[in-house]
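Encoded as structure tokens, the structure appears first; notes follow it.
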Amino acid sequence: MLEFLILDGLLLFSLFFSITWFIVWLQQLGIGSATNARLSQLGIWRGAALASFGGLVTPFCSCSTVPVLTGMLRARVRLGSSFAFLVASPVINEGVIALLLGKSGVALAIAYVIAAGLLTTLAGVLVETLGMSRFLRPLAAMTGTQAIDIGKTSNTPSYQPSKVEAAVVAARMAWLELKAITPYLLAGLIVGAVIYGFVPETMLLEISQSVPPTGLIVLAAAIGIPIYISPLTAVPIGYALLERGFPVGALVAFLVSAVGSSVPEMILLWRLFRWQLLAAHIAVVLLSAVALGMLIGGISPFMRDIPSIWSLFSTTLH
């Protein structure tokens, strides 16, 4: 528990400070506004798809996405793109991909990535189309106006601070932002330390013997929502459950929801989201987990003859 508090605490605090510093620094130099203007020209679908791809290549767990989300909102990136990244980064997680590659074959892993990317892109488009940006909390620190005012050392409206001046201002703003978020970070870390890595393997195996496949996928996704595990932790957990006969579809549903959402993340998001948007986030993760679990569970019987990476590797060695 102490190791988790120290290591994850250092990670989250450093992420919040460094990302906030970088975003404010760009704002001071006028780069952030220009970049956001270009992103806005992409349209809702392209922006959400690009954000989902960014989530694919970033190995963040649910809590680690919040500093990045804060930076995106501070830079005034549209909600559709920001939300798509928030759900895509943990939902399209490397743990499930590695698990599918190793045990079930390349085809299932590709199907998972494509389907997850489409689902998270659609989620971003929906929250923006439904106007859910009104459920963002109006944090003054996220607008960047305070940093711009501090940075102006001249009465000339067009004054542009130097890179060093911008860096100093950004450090001040990052420190203020870090102090404001600290209570939420500490609360999330304490809760996370208590539940981190806890997986009710015995309960899941017992349920799998008495619940039909579709019901098991839904139940596994629901059980995973409050649990907090990282994408890397998902691999040994997944292997252990598969070796004991747990269905692959239900396993994908459980891991996607467990990595994609957690109680510590909800605590952190409460500072940014009103309850309506927070509920939408939980619903998206839950529905994505169920849909992906049903997809993988449905097509896996037809792909048993396709060798996995691990089986190919073992055959080559022998």
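For residues that are closer than 15 Å to Val96 by Cα and hydroxyl-bearing (Ser, Thr, Tyr), scanning just segment 283-318, find the one that is modelled with the lowest pLDDT. Ranking the candidates gives Ser308 first.
Is it the case that segment 261-276 has a residue that's assigned to a helix (DSSP H, G or I), closer than 29 Å to Glu128 by Cβ, open to solvent by 20 Å² or more (accessible area, probe 1.4 Å) and among the β-branched types (Val, Ile, Thr)?
Yes, some residue in segment 261-276 is assigned to a helix (DSSP H, G or I), closer than 29 Å to Glu128 by Cβ, open to solvent by 20 Å² or more (accessible area, probe 1.4 Å) and among the β-branched types (Val, Ile, Thr).
What are the residue pairs meeting all of these: first residue in segment 265-278, first residue farther than 14 Å from Leu79 by Cα, second residue open to solvent by 20 Å² or more (accessible area, probe 1.4 Å) and small (Gly, Ala, Ser), Cβ atoms under 9 Å, and 6 or more apart or on different chains? Going by the 9 Å Cβ cut-off, the qualifying pairs are Ile267/Ala187; Leu268/Ala187; Arg271/Ala180. For segment 52-74, taking the residues that are open to solvent by 20 Å² or more (accessible area, probe 1.4 Å) and aliphatic (A, V, I, L, M), the one that is modelled with the lowest pLDDT is identified as Val57.
Evaluate segment 33-46: report whether one residue or more is open to solvent by less than 10 Å² (accessible area, probe 1.4 Å) and at pLDDT 85 or above.
Of segment 33-46, the ones open to solvent by less than 10 Å² (accessible area, probe 1.4 Å) are none.
Scanning segment 33-46 turns up no residue that is open to solvent by less than 10 Å² (accessible area, probe 1.4 Å) and at pLDDT 85 or above.
Residues to consider are Ala234, Ala283, Ala220, Ala250; find the one that is surrounded by fewer than 19 Cβ atoms within 10 Å (Cβ to Cβ) and either acidic (Asp, Glu) or part of a helix (DSSP H, G or I) (or both). Of the residues listed, the single one that is surrounded by fewer than 19 Cβ atoms within 10 Å (Cβ to Cβ) and either acidic (Asp, Glu) or part of a helix (DSSP H, G or I) (or both) is Ala283. Scoring Ser14 on the criteria (1) crowded, with 24+ Cβ neighbours inside 10 Å; (2) under 24 Å from Val164 (Cβ atoms); (3) of a type in the set (Ser, Thr, Tyr); (4) at pLDDT 80 or above leaves a single failure, condition (1). Condition first: closer than 30 Å to Trp21 by Cα and either part of a loop (DSSP other than H, G, I, E, B) or at pLDDT below 75 (or both). Can you find one or more residues in segment 193-211 that meet it? The answer is yes; a qualifying residue exists.
The values are calculated or read from the model by the stated rules, or taken from the named source; none is laboratory data. A quick note: this is a predicted structure, and the numbers were derived from the prediction, not measured. Because the Cβ atoms are built from the backbone with ideal geometry, glycine has one as well, and the counts that use them run over all protein chains shown. Quick note on the areas: whole protein, heavy atoms, side chains included, nothing else; ligands and nucleic acids left out. Shrake-Rupley method; radii C 1.70, N 1.55, O 1.52, S 1.80 Å.
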